[in-house]
Amino acid sequence: MATLTQRRADGRLFIDGEFREPSGGAVTPVLEKATGKEIGRQATGSKADLDAAIAGAKRAQPGWAATGYDERAGLLRRVARLLEDRADEYADLIVRETGSIPGKAQYEVGAAGNELHGAAGLTTRATGEILPSHNTGKLTMIQRVPVGVVAVITPWNFPLVLGMRAVAPAIALGNTVVLKPATLTPITGGQFIAELFEAAGAPPGVLQVVTGPGGEFGGALASHRDVNMIHFTGSSEVGRRIAEIAGRNLKKVSLELGGNNAFVVLDDADIESAAMIGAWSAFHYQGQTCITASRHIVMRKVADAYRDALARRAKAIVVGDPSQDGVGLGPIIDEKQRDRAHGFVESSIRQGARLVEGGTYDGLFYRPTVLDGVTPEMPAFTEELFGPIAPITVVDTEEEALELTNQTEYGLVNSVFTADISRGLAFAERVHSGMVHVNDATPLDEAHVPFGGMGASGLGGRSGGEANLEEFTERRWISVQRTPVQYPY
């Protein structure tokens, strides 16, 4: 196993086991989100670079699929050890490149390690099954086989763990991967992952990492004849375009998309606990996750108390450079995202919502915001906000709360808060989403639990644990006729 000697933040691609300059020679700076200082460079790859990466992955895939499970598991465990050895360094760079606080970055490094260890365990799962046949002389086998070349396109909000969530199980199950990280986080989402696999001794072509324009590369990957599967994590808008292109080319596709998630507070809830968990669900990482609580649906009996408690917590949060002690929220990822989120706040206020707390910003630093009097027609209710914004909608009955929870095209995750566990479970069982939590936050994730949504929140399978077997393999039927048979012709 090689040693990690330097950070690969120098603007190169990773193709066929080596770091190389982009064919056009173009590189751009990567900036620290809180300060604007340059922290590295990223290569702007070309179509020729992408074609070379895909061709190398295709060449490598049959040989990689034929390796023993112990070799595939061993590679992933070596990557995990290397990551753990440099956990502090990687967490520091996540803070700088994504604008997250250290706690979020440390969680991400640990979660990425869990994904690697979990994927290593997949290599020893049963790769087939024997099924009965009406013909007693026939052996009927169902095998799991690798999909082939998997293109993985990842977002900027959790670049390391959302990269490993797809890369690790795909490689564990005999596929090769072409990874395209977000242009806003090419180091932690791409170059460092490549460095880890290189140092762990990954055979050339098993993992390829290409950086370049998202719109151009996403379409090229989805339409390329030698890419067998697209795994995309990002917005529902882009996911629809990826699915359309992949569908025309009859590729397997897995989409982990957005969410407009509800945090429901019933009238028997412990308000201080609900406000504490509601604040975390709405504001963590500046509200920039698909599992953020962006609709707070509260029964009227407790609405005033919940609003006041939530606003008090929002006001107490320190916003600033996340590398400094005591900071609770860092910067929004860029001006475009800040303006989008602020626009939802302003338009909802014009339509009658009331600003209770926040609603202001200094550069990319946006104050955690609480809106009251939000109705189902306002953008603060209908849109995925992707900002530290908690819109409160008041309802009179539990049935109305359930109806509004399900009144969205999304179906990723929702939470309900109540003192009565049976009541909470009954509510959860009527919610239309891939995940529902009773008396806990919306932003929950565990490596062994299937993660994914319904409707506009996802298409295809689930990520996590045993679900990865379905995600990254195909089924093949092999039958063996052990006794002579007769056919009419």
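The values are calculated or read from the model by the stated rules, or taken from the named source; none is laboratory data. This structure is a prediction, so every number in the text was calculated from the model and none was measured. So basically every Cβ, Gly included, is an ideal-geometry build from the backbone, and we count neighbours across all protein chains shown. These area figures cover heavy atoms from the full protein model, side chains too; ligands, DNA and RNA do not enter into them. Shrake-Rupley method; radii C 1.70, N 1.55, O 1.52, S 1.80 Å.
Taking only the C-alpha atoms of the range 111-154, the Rg (one decimal) and the largest Cα-Cα distance, Dmax (whole number), read 16.4, 48 Å. Helix 87-98 and the long axis of the chain differ in direction by around 60°, with both axes built from C-alpha atoms. Eigen-decomposition of the gyration tensor built on the alpha-carbon atoms of the range 379-456 gives equivalent ellipsoid semi-axes of 18, 18, 13 angstrom, largest listed first. The value of relative contact order for the range 61-162, using C-alpha pairs under 8 Å at least six residues apart, is 29 percent. I'd like the trypsin sites (Lys or Arg not before Pro) in the range 397-466 restricted to DSSP loop residues with at most 15 other Cβ atoms within 10 Å, sorted by number. Passing both the DSSP loop test and the Cβ count: 430. Rounded to the nearest 10 degrees, what's the angle between the helix 214-223 long axis and the longest principal axis of the chain, both from Cα atoms, 0 to 90? The answer is roughly 40 degrees. When Rg and the Kirkwood Rh are both derived from Cα coordinates, the Rg/Rh ratio for the range 142-191 amounts to 1.05. Positive end of the dipole of the chain (Cβ unit charges, origin at the Cα centre): among 280, 141, 294, the Cα lying farthest that way belongs to 141.
Based on the Kirkwood radius over alpha-carbon pairs, what value in µm²/s does the Stokes-Einstein equation return for the translational diffusion coefficient of the chain at 37 °C and 0.692 mPa s? Walk me through the numbers before you get to the answer.
On the way: Rh = 23.6 Å.
The estimated diffusion coefficient comes to 139 µm²/s.
Shown here for the range 200-297: trypsin sites (Lys or Arg not before Pro) in loop regions (DSSP other than H, G, I, E, B) with at most 14 other Cβ atoms within 10 Å, namely 225. The per residue volume of the convex hull around the alpha-carbon atoms of the range 1-119 is 119 Å³. Computed over the range 309-373, relative contact order equals 34 percent, with contacts defined as Cα pairs under 8 Å that lie 6+ residues apart. Placing unit charges on the Cβ atoms only, positive for Lys and Arg and negative for Asp and Glu, gives the chain a dipole magnitude near 1600 debye about its Cα centre.
At an R0 of 45 angstrom, the distance between the Cβ atoms of residue 133 and residue 421 translates into a FRET efficiency of 0.45. Relative contact order of the range 194-337, please, whole-number percent, based on alpha carbon pairs below 8 angstrom and at least 6 residues apart. Over the range 194-337, the number comes to 16 percent. What net charge is computed for the residues neighbouring residue 253, neighbours being all others with C-beta under 12 Å from the C-beta of residue 253, Lys and Arg scored +1, Asp and Glu -1? Net local charge, residue 253 excluded: +2. Of the solvent-accessible surface of the chain, computed with a 1.4 Å probe over protein heavy atoms with every protein chain present, carbon and sulfur atoms account for 52 percent.
With the cut-off at under 13 Å, measuring from each backbone N in the range 129-150 to a point 7 Å along the Cα-to-Cβ line of residue 479 picks out 131-142. Pairs spanning more than 23 Å between alpha-carbon atoms, out of 180/252; 104/251; 58/180; 47/104; 33/180: 104/251; 47/104. Relative to the dominant Cα principal axis of the chain, helix 69-85 is inclined by about 40°.
Taking the alpha carbon gyration tensor of the range 182-226, multiplying each eigenvalue by 5 and rooting it gives semi-axes of 22, 15, 5 Å, largest first. Charges were assigned to the Cβ only: +1 to each Lys and Arg, -1 to each Asp and Glu. The resulting dipole of the range 1-133 about its Cα centre is roughly 120 debye.
By DSSP, the beta bridges lying fully in the chain are antiparallel in about 45 percent of cases. The P(r) of the range 201-298 has a tail past 19 Å containing 59 percent of all C-alpha pairs. Other residues whose C-beta falls under 11 angstrom from the C-beta of residue 348 contribute a net charge of -2, scoring Lys and Arg +1 and Asp and Glu -1.
Please state, rounded to one decimal and in Å, the Kirkwood hydrodynamic radius that the range 336-489 gives when every pair of distinct Cα atoms enters the mean of 1/r. All intermediate terms of the calculation are to be shown ahead of the outcome.
Values: mean 1/r = 0.0529 Å⁻¹.
Final number for the Kirkwood radius of the range 336-489 is 18.9 Å.
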